[in-house]
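These notes concern the structure reproduced below.
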Amino acid sequence: MNLTPVKIPKVIKKLFSNFIWSIDTDEKTLYLTFDDGPTSEITEWVLDCLKTYNAKATFFCIGKNIKNHPNIFKLIIDDGHAIGNHTSNHIKGWKTSVKKYFEEVTEAQGTIDCQKLKSAINKSQYRKLFRPPYGRIKPKQAKLLLVEGYQIVMWSVLSLDWDKNVSPIQCSDNVINNSKPGSIIVFHDSKKASKNMMYALPKVLNYFSKKGYSFKRIPE
């Protein structure tokens, strides 16, 4: 049984108030995020789907996946989406030393910055966004990253697309029933999550677009 909450309790947000859980706005705006890519075919499908609805998003990429799929990573940038750091090897913060964790984040950031330099893009429009894999990070790890200028981005709503016990319909309902202006929503452009995500994402985009919502990347 998965006890992961779809919507983050307010008490958690207060305890970790130096993390970004949502974006303060009065506008009908949502912030889609995608973790664990780039992934062959799946990330490209996501980009095409977003383009259909003129939607922008933030992709929290794994360093090794960027190295394996530099052309897909370039597509994300060229389509005007934001990039976030998700460590080099998707490590678990609770089981990793502060030193090793920082090395993982720094290595991934180096890969991100190196690939950005190869694109005709203004680097100044990007901030150093970081999302801890599994949402698990030690206080000392977080403190160091914040000192180094990273903004730790968590979420308002989890689609639970990776969960094999969650149906595609439940996945879309998780987002539709729990999102509000300024919500940061988590999907995954990974093979594990692809069945649920590929069903839910178009449903979410269509539902909220009809209600007058726009989808923006986190740096905006």
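The values are calculated or read from the model by the stated rules, or taken from the named source; none is laboratory data. These numbers were taken from a predicted model, which means no experiment stands behind them. Cβ sites come from the backbone with ideal geometry, for glycine too, and all protein chains shown count toward neighbours.
Things to note:
- Flag: LYS28 matches the condition of being farther than 19 Å from LYS116 by Cβ, more than 17 Å from the chain's Cα centre (by Cα) and either surrounded by 15 or more Cβ atoms within 10 Å (Cβ to Cβ) or modelled with pLDDT of 95 or more (or both).
- Identity of the residue in the stretch 183-201, of a type in the set (A, V, I, L, M, F, W, C) and outside any helix (DSSP H, G or I), that ends up surrounded by the fewest Cβ atoms within 10 Å (Cβ to Cβ): ILE184
- Search result, residues across the stretch 39-72 that are of a type in the set (Val, Ile, Thr) and in contact with a strand residue (DSSP E or B) (Cβ under 7 Å, 6 or more places away or on another chain): VAL46, THR58
- So THR58, is it of a type outside the set (A, V, I, L, M, F, W, C), touching a Gly at 6+ places or on another chain (Cβ under 6 Å) and within 21 Å of VAL157 (Cα to Cα): yes
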